[in-house]
Structure formats: structure tokens, C-alpha cells
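The values are calculated or read from the model by the stated rules, or taken from the named source; none is laboratory data. Given the structure is predicted, the values throughout are model-derived calculations rather than measurements. Methodologically, a virtual Cβ is constructed for each residue, glycine included, from the backbone with ideal geometry; neighbour enumeration extends over all protein chains shown.
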Amino acid sequence: MSLDLDKRFDPRHGEAVPVESGILRLTAPNAGPMTFHGTNTYVVGRERLVVVDPGPEEPTHLATILATIAGRPVDAVLVTHTHLDHSALAPRLAGMVDAPLVAQGPHRISRPLFEGEINLLDAASDFAFEPDIALDDDGELRLGETTVRGIHTPGHTGNHMAFALEDRGVLFSGDHVMAWATSVVAPPDGSMADFMRSLERLAARSDRRYLPGHGGPVENPATFVRALRTHRRMRESAILEKVRAGLSTVPEIVAAIYHTTDRRLHGAAGLSVLAHLESLMERRLVVPEGPFGLASRFVAG
């Protein structure tokens, strides 16, 4: 089963784009190799609203959100996870529209750091974020005219949460599942083992459509998630094969496996390789020589 990514996307910055009945998408102007054309903010509802992922602290994007809200009451501001491109604007917006912040919890890494390890995504993480409502896994909130269920999907971050509109078959998948690229999983911020378990959780659901944090919708999500799960398993097998063949460093493995990938994405690829190596370490299939990290050498266990 191949993973068919879809990079077709018209961000239409500064404009509210209808993506479902009663759901508008606003894409922030923060395009980059990790964010594609920018972070997607969603405004849900008609008379009473819910905002999902306000995005980065960016004044023109805030103006677009406020113009779209147009004075209507906002019952909650939802945040899928606490990377700054999703959450930085949330407290300011919530204060301006007098709405509670809802998330799985404050930012946290997936595990304690090993001795000498550096969190490579520290600068991207929003350690100041504190939700007003910490939504439990599988918890449901009635927010005005919108009912939301929280699905805890750790992997990209420890506190990543997808939000489901179950009466409509729509799931806001954040950065866990996207149509344009596979999610970056970088330990200790993220965990590949957690990511794979979260995929299993989503695969068991019957959502009709995903609306992700970057890029266009994920259509036929059950098929896409199964393909993504297979892709990740094959990538892990390829990494283990390279280590057994004598490639011992992350850069060597990236060069061998991602040789057809845009070199601007090799840094992100290296983080995902490291996450796979950590997962392989947990099963004693590889062993690091020295402290765990991008500079480590790995050998087969």
C-alpha cells in the first residue's frame, strides 16, 4: 500500500475559505519547509463559533480571524498541540473574544531527556501555554452549537490532541496526519512509538474527512492512515537494514534513504530517523554508542 501525498493547495492568505458547511479555513502567512503554505486555523459554526488552532503570533492573521468572527460569540479556542505555529496566538485571541482555551494540557516532552541530550525542538515549543479547560482523552464538550470530542494522539508532541465533530464525521487532525507530508516526530519532544499507537487509534475510527494543521483535507482517511502506518513500518525496516549494513550515523542513513527528497527537508528527515532509532532501541534492535542524539553512532543490537 503506497502513501500518496497530495501537495495541491491554494492557501489564499488573508481570506476565509469554506471547507465544509459551517467550517471556514484561514491559512496563516508563515510558509516554510516545516509548515508548507502556513498553519491552518479553522472557524466552526454559524451563530456561535469555535476556533481551532489560532496559529502563530502574526498580526495580519489575527486581523483575518477577527474579521471572520465578525463579532459573533466564540465558545472556545481549541489548540491541537503546543508548537508555536499553532498555539502562540491562542491566549491573545481567547482574551479578545472572551473564550476559554481548550487543549489536552500544557506542553510536555514525551520522555525525560537522557544525560547530555538536547531537545532540538525547544525553540518551537510553547512552554507558556496553559489551557483553561484540559480535555481528557475521549472527553466531550458541548460548545454552543458545536459538540467536540478530544482524541489524545501523542507522537508529534506529548500533548497532541485531535478534535472530532462526530455528528459530521470531521476530525481536526493537527500535525498528526496531513495530506501533504508525513509528520515530523523528534525525540524527546515526540515519540515514534506513541505516534504509531496513535495511528492505530485513528485507524479504528470511522471519520469521513480530516482537516489538518497544514495543507488540504485528508480524504478517505481510513485508507490514508493505513497507508501511513505501512509507510512508517517500511521506513523503520529500511533504517534497521541500513544500520545492519554498517551505516552508523543519522546523516549517513538520511543520505541513503532520502536521496530523492528535497535537501531542505533533510533536517526534518534526520529527526524522524532519530525517532525510529529510538523506537528500535526500545526493542533492543539497535544500540547507541555514546549519548543518544543526532551525533550518536548506532549499531545493531
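Per-residue answers, yes or no, for (1) within 14 Å of D85 (Cα to Cα); (2) buried (at least 17 other Cβ atoms within 10 Å of the Cβ); (3) of a type outside the set (A, V, I, L, M, F, W, C):
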residue: H13; (1), (2), (3): no, no, yes
residue: L26; (1), (2), (3): yes, yes, no
residue: N30; (1), (2), (3): yes, yes, yes
residue: H37; (1), (2), (3): yes, yes, yes
residue: G45; (1), (2), (3): no, yes, yes
residue: V51; (1), (2), (3): no, yes, no
residue: A63; (1), (2), (3): no, no, no
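For region 1-42, name all the residues that are within 21 Å of L62 (Cα to Cα), assigned to a strand (DSSP E or B) and in contact (Cβ under 8 Å) with a residue 12 or more places away in the chain.
V19, I23, L24, R25, L26, T27, F36, N40, T41, Y42
Test of understanding: among G71, G55, which residue is under 27 Å from E130 (Cα atoms), small (G, A, S) and surrounded by 24 or more Cβ atoms within 10 Å (Cβ to Cβ)? Show your work before the answer.
Values: G71 fails: surrounded by 24 or more Cβ atoms within 10 Å (Cβ to Cβ).
Every option except G55 fails the conditions.
For region 185-200, enumerate the residues that are under 9 Å from T157 (Cα atoms), among the small types (G, A, S) and in contact with a Ser or Thr (Cβ under 7 Å, 6 or more places away or on another chain).
Matches in region 185-200: G190, S191.
Give me the pairs, please: first residue somewhere in region 197-226 and closer than 12 Å to I151 by Cβ, second residue anywhere and aliphatic (A, V, I, L, M) and assigned to a loop (DSSP other than H, G, I, E, B), beta-carbon distance under 6 Å, and either six or more positions apart or on two chains.
Within 6 Å, the pairs are Y210/V177.
Okay, residues lined up against (1) assigned to a loop (DSSP other than H, G, I, E, B); (2) closer than 22 Å to N220 by Cα; (3) touching a Leu at 6+ places or on another chain (Cβ under 8 Å); (4) in the same structural domain as D194 (by TED's automatic domain parsing):
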residue	(1), (2), (3), (4)
A128	yes, no, no, yes
P131	yes, no, yes, yes
D136	yes, no, no, yes
I151	no, yes, yes, yes
T157	yes, no, no, yes
A164	no, yes, yes, yes
D167	yes, yes, no, yes
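If I go through region 246-282 residue by residue, how many of them are basic (K, R) and either assigned by TED's automatic domain parsing to the domain that holds G155 or touching a residue at least 60 places away in the same chain (Cβ under 8 Å) (or both)? Please lay out each step first, then the result.
Of the residues in region 246-282, the ones basic (K, R) are 263-264.
With the extra rule that they be either assigned by TED's automatic domain parsing to the domain that holds G155 or touching a residue at least 60 places away in the same chain (Cβ under 8 Å) (or both), the set shrinks to 264.
Final tally of qualifying residues: 1.
Can you go through D137, D126, D85 and tell me which one is over 23 Å from H61 (Cα atoms), under 18 Å from the mean Cα position of the chain (by Cα) and of a type in the set (D, E, K, R)?
Values: D126 fails: over 23 Å from H61 (Cα atoms); D85 fails: over 23 Å from H61 (Cα atoms).
Going through D137, D126, D85 in turn, the sole match is D137.
Pairs needed: first member in region 121-138, without any contact (Cβ under 8 Å) to a residue 60 or more places away in the chain; second member anywhere, in a loop (DSSP other than H, G, I, E, B) and of a type in the set (V, I, T); C-beta distance under 8 Å; at least 6 residues apart or different chains.
Cβ pairs passing all conditions: D126/T82; F127/T82; F129/V79; F129/T82; P131/V79.
For region 278-293, name all the residues that are over 13 Å from F114 (Cβ atoms) and either in contact with a strand residue (DSSP E or B) (Cβ under 8 Å, 6 or more places away or on another chain) or part of a loop (DSSP other than H, G, I, E, B) (or both). Write out each step before concluding.
Restricting attention to region 278-293, the residues satisfying the condition of being over 13 Å from F114 (Cβ atoms) are 279-280, 283-287, 289.
Across region 278-293, the qualifying residues are L280, R283, R284, L285, V286, V287, E289.
Does L24 satisfy the criteria of being farther than 25 Å from F224 by Cβ, touching a strand residue (DSSP E or B) at 6+ places or on another chain (Cβ under 7 Å), assigned by TED's automatic domain parsing to the domain that holds T147 and of a type in the set (A, V, I, L, M)? Don't jump to the end; show me each part of the working.
Numbers: farther than 25 Å from F224 by Cβ: no; touching a strand residue (DSSP E or B) at 6+ places or on another chain (Cβ under 7 Å): yes; assigned by TED's automatic domain parsing to the domain that holds T147: yes; of a type in the set (A, V, I, L, M): yes.
For L24, the condition - farther than 25 Å from F224 by Cβ, touching a strand residue (DSSP E or B) at 6+ places or on another chain (Cβ under 7 Å), assigned by TED's automatic domain parsing to the domain that holds T147 and of a type in the set (A, V, I, L, M) - is not met.
Could you check G38 against (1) small (G, A, S); (2) over 16 Å from the mean Cα position of the chain (by Cα); (3) at positive phi and say which number it fails?
(2)
Which one of these does S272 not meet: (1) more than 18 Å from L120 (Cα to Cα); (2) surrounded by 14 or more Cβ atoms within 10 Å (Cβ to Cβ)?
S272 satisfies every listed condition except (1).
Can you pull out every residue in region 192-227 that is surrounded by 15 or more Cβ atoms within 10 Å (Cβ to Cβ), in a strand (DSSP E or B) and over 14 Å from the mean Cα position of the chain (by Cα)?
If the condition is that a residue be surrounded by 15 or more Cβ atoms within 10 Å (Cβ to Cβ), in a strand (DSSP E or B) and over 14 Å from the mean Cα position of the chain (by Cα), then R209 is the only one that fits.
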